[in-house]
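The values are calculated or read from the model by the stated rules, or taken from the named source; none is laboratory data. A quick note: this is a predicted structure, and the numbers were derived from the prediction, not measured. Don't worry about glycine lacking a Cβ; one is built from the backbone with ideal geometry, like all the others, and counts go over all protein chains shown. Surface areas here come from the heavy atoms of the whole protein model, side chains and all, with no ligands, DNA or RNA. Shrake-Rupley method; radii C 1.70, N 1.55, O 1.52, S 1.80 Å.
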Amino acid sequence: MKLKNRNLFRLTRFLLLKLPGLLKFFAKFRTPRLRLLIIKTDAIGDYILFRNFIEVIKRSETFKDYEIDLLGNRLWQDIALKYDRKFVNDFIFINPDDLYYSPIKTLKLSLKLFRKNYQAVLQPAFSRTFINDGLAGFTAAKNIIGFEGDTERIDARYKSKTDKFYTNLLSLPQNVVFEFYRSKFFVEQVLKQPIAIDRPFIDIENKSRNGVVIFPGAGTGKRRWEKEKFLALITLILQHSKAPVSIAGSADEKETANYLVEKLPAGAVNNLTGKTSLNQLIELIGNAVLVISNETSAVHIAAAVKTPSVCVLGGGHFGRFAPYPISIEASPVCLYEKMDCYNCNWNCIYHTPENGTFPCVAAVSVEKVWNSVQLYL
């Protein structure tokens, strides 16, 4: 992890490593309430692949009498508040990466979590983070359950210490790779029962199925298919189809969207980039005939609302988030060019310019994407 402010991080690190032990001592003098905390602070797509299990947990024999709180990421709070409120007693939303440099906020949150007096804490992310481990430790709950996990998002020297915050660390079988199945395995182990859910889903209304929605952005710039290729693809769509085309995404992707709009004929596309809420994007995707995207939350939302999607896929996490297993209905069509260095966790062995694209993403041709897209037009 690249540090933005070393001194502030050191203060937060002290809290994350030392305060859980002190709070655990004080917890000996209290009686836990029937209250469960679920910690899920990763990105939008991760939440889409997990959220359906919250209802399962709430209705289970194990936790049916518990109050359930969700500690989540502000990125996807709109989704949680609209679709999952009836299963959650209280929401706590944070910007997890900001806490590393906000020791006072971290301290206040630690005291809030401790006062909640949780009986149990679930931290279902396989790739645990330093901040999430600390937050779990702050609760001083009687039962804190997580994965043994890996060191992709936490330094091994910290993980060896934060492992001790957990009362139970689950080992993941090697054949469980897809993220949705990892969440399912976790919840099944916690509840000690099989779960019938076999795909992520979001129930929406008014499915008119009209238009193509294109998401040219991605969480990291180098994971984006080149804007010139998106331009060529959109040009082909406009030439061979009368379907309306919209460009969508977050405000951070306006530069790419503006480039596409400027290069295309006036009024050829509807630029919605930065103009829609997250829930409006779900409705937009749910009413589209096709979604075209990099590997982003858009393809997971499309799968959840059963909208066909085409995904330009790199190899950093190949198989974990995409491609979907073929058994899952409405899976995205993932287009990629396999390389020997796949599953590098996006620690690319090749040098790419600062504003360039990773070679595994750039290797996907316009022709290959067009051949799949035209099947849906």
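Output wanted: per-residue J couplings in Hz (rounded whole) for region 12-21, from phi through Karplus 6.51 cos²θ - 1.76 cosθ + 1.60, θ = phi - 60°, x for Gly and Pro.
5, 4, 4, 5, 5, 8, 9, 5, x, x
Using a Förster radius of 22 Å, what is the FRET efficiency between Lys142 and Leu169 based on their Cβ-Cβ separation? Nearest 0.05, please.
0.90
Ignoring ligands, DNA and RNA, please state the percent of accessible area on the chain from carbon and sulfur, probe 1.4 Å.
That fraction is 50 percent.
Taking 0.36 nm per residue of sequence separation and subtracting the Cα-Cα distance, how much length would be gained by fully extending the chain between Glu152 and Glu337, in nm to one decimal?
Residue separation times 0.36 nm, minus the Cα-Cα distance, leaves 64.2 nm.
Go through region 106-118 residue by residue and turn each phi into a ³J(HN,Hα) via Karplus (6.51, -1.76, 1.60, θ = phi - 60°); whole Hz please, and just put x for glycine and proline.
5, 5, 4, 5, 4, 5, 4, 5, 5, 5, 5, 6, 6
Answer rounded, prolate or oblate for region 87-166, using the Cα gyration tensor with square roots of eigenvalues a ≥ b ≥ c: rounded when a/c is under 1.5, else prolate when a/b is larger than b/c, else oblate. Walk me through the intermediate numbers first.
Numbers: a/c = 1.61, a/b = 1.20, b/c = 1.34.
Oblate.
How big is the gap, in Å, between the Cα center of region 313-350 and the Cα center of region 67-94?
29 Å
Evaluate the chain: find the radius of gyration of its Cα atoms, find its Kirkwood radius, and give the ratio Rg to Rh.
On the way: Rg = 21.7 Å, Rh = 22.0 Å.
Dividing the radius of gyration by the Kirkwood radius yields 0.99.
Determine, from the Cβ-Cβ distance of Ile326 and Asp97 and an R0 of 45 Å, the FRET efficiency 1/(1 + (r/R0)^6), rounded to the nearest 0.05.
So, using R0 = 45 Å, E works out to roughly 0.80.
Around Leu290, which amide H atoms from residues at least 5 apart in sequence, or from another chain, sit under 5 Å from its own amide H, with H modelled in the peptide plane?
The answer is Val213.
Would you calculate a helix-derived [θ] at 222 nm for the chain, using -39,500 (n - 2.57) for each DSSP H run of n ≥ 4 and dividing by the full residue count, to the nearest 500?
Details: 15 runs with 142 residues, N = 377.
Rounded to the nearest 500, the figure is -11000 deg cm²/dmol.
Where is the GNM fluctuation largest for the chain (alpha-carbon springs, 10 angstrom cutoff): Glu205, Glu367, Glu148?
Glu205
How long, wide and thick is region 1-50, going by the Cα atoms along their three principal axes, in whole angstroms, largest first?
Taking max minus min along each principal axis of the Cα atoms, region 1-50 gives 39, 35, 10 Å.
Report the extension gain between Glu367 and Glu205 in nm, rounded to one decimal, defined as 0.36 nm multiplied by the number of residues separating them, less their alpha carbon distance. Provide the component values of the computation, followed by the final result.
Numbers: separation 162, 0.36 × 162 = 58.32 nm, distance 3.43 nm.
Length gained between Glu367 and Glu205: 54.9 nm.
Could you do me a favour and compute the accessible area per residue for region 221-292, 1.4 Å probe, result in Å²?
It amounts to 47 Å² per residue over region 221-292.
What is region 308-372 by shape, rounded, prolate or oblate, if you read a ≥ b ≥ c off the alpha carbon gyration tensor as root eigenvalues and call it rounded for a/c under 1.5, prolate for a/b larger than b/c, and oblate otherwise? Please report the intermediate quantities before stating the final value.
Details: a/c = 2.55, a/b = 1.46, b/c = 1.75.
In terms of gyration-tensor shape, oblate.
Residue by residue, what Karplus-based ³J(HN,Hα) values in Hz, rounded to whole numbers, does region 347-364 have, using 6.51, -1.76 and 1.60 with θ = phi - 60° and x for Gly and Pro?
8, 5, 7, 9, 7, 10, x, 3, 9, x, 10, 4, x, 5, 7, 5, 5, 6
What residue among His351, Thr273, Leu107 has its Cα farthest toward the positive end of the dipole of the chain, where the charges are +1 on Lys, Arg and -1 on Asp, Glu, each on the Cβ?
Value: Leu107.
Return the Cα extents of region 200-270 along principal axes one, two and three, sorted largest first, each rounded to a whole Å.
Extents along the principal axes: 34, 31, 17 Å.
Can you give the angle from 0 to 90° between the axis of helix 179-191 and the longest principal axis of the chain, with both taken from C-alpha atoms, to the nearest 10?
30 degrees
Give me the accessible area per residue for region 42-196, probe 1.4 Å, as a whole number in Å².
Ligands and nucleic acids excluded, the figure is 42 Å² per residue.
Just list whichever of Lys64/Lys164; Lys18/Lys116; Lys4/Lys184; Lys58/Lys184; Lys4/Lys227; Lys2/Lys275 have alpha carbons separated by over 25 Å in the model shown. Can you show the working numbers first?
Values: Lys64/Lys164 28 Å; Lys18/Lys116 20 Å; Lys4/Lys184 35 Å; Lys58/Lys184 15 Å; Lys4/Lys227 30 Å; Lys2/Lys275 31 Å.
Lys64/Lys164; Lys4/Lys184; Lys4/Lys227; Lys2/Lys275, as the Cα separations exceed 25 Å there.
Could you tell me the relative contact order of region 261-377? Use alpha-carbon pairs under 8 Å, at least six residues apart, and round to a whole percent. It would help to have the intermediate numbers written out before the result.
Values: 151 pairs, mean separation 23.7, N = 117.
Averaging sequence separation for qualifying contacts and normalising by length gives 20 percent for region 261-377.
Would you kindly state how much longer the chain becomes between Leu377 and Thr235 on full extension, computed as 0.36 nm times their sequence separation minus their alpha carbon distance, in nm to one decimal?
So the extension gain works out to 49.7 nm.
How far apart, in nm, are the 7 Å Cα→Cβ label points at Lys2 and Gln280?
3.2 nm
How many nm is it between the label spots at Lys108 and Lys28, if each spot is 7 Å from the Cα in line with the beta carbon?
About 3.2 nm, to one decimal.
What do you get for Rg/Rh of region 34-126 when both radii come from the Cα atoms and Rh is the Kirkwood radius? Walk me through the numbers before you get to the answer.
Values: Rg = 13.1 Å, Rh = 13.7 Å.
Taking Rg over the Kirkwood Rh, I get 0.95.
After finding the eigenvalues of the alpha carbon gyration tensor for region 231-345, what semi-axes result from the square roots of 5 times each, listed largest first in whole Å?
In descending order the semi-axes read 25, 17, 15 Å.
Taking 8 Å as the Cα distance limit and 6 or more residues as the minimum spacing, I'd like the relative contact order of the chain as a percentage.
Rounded, it is 15 percent for the chain.
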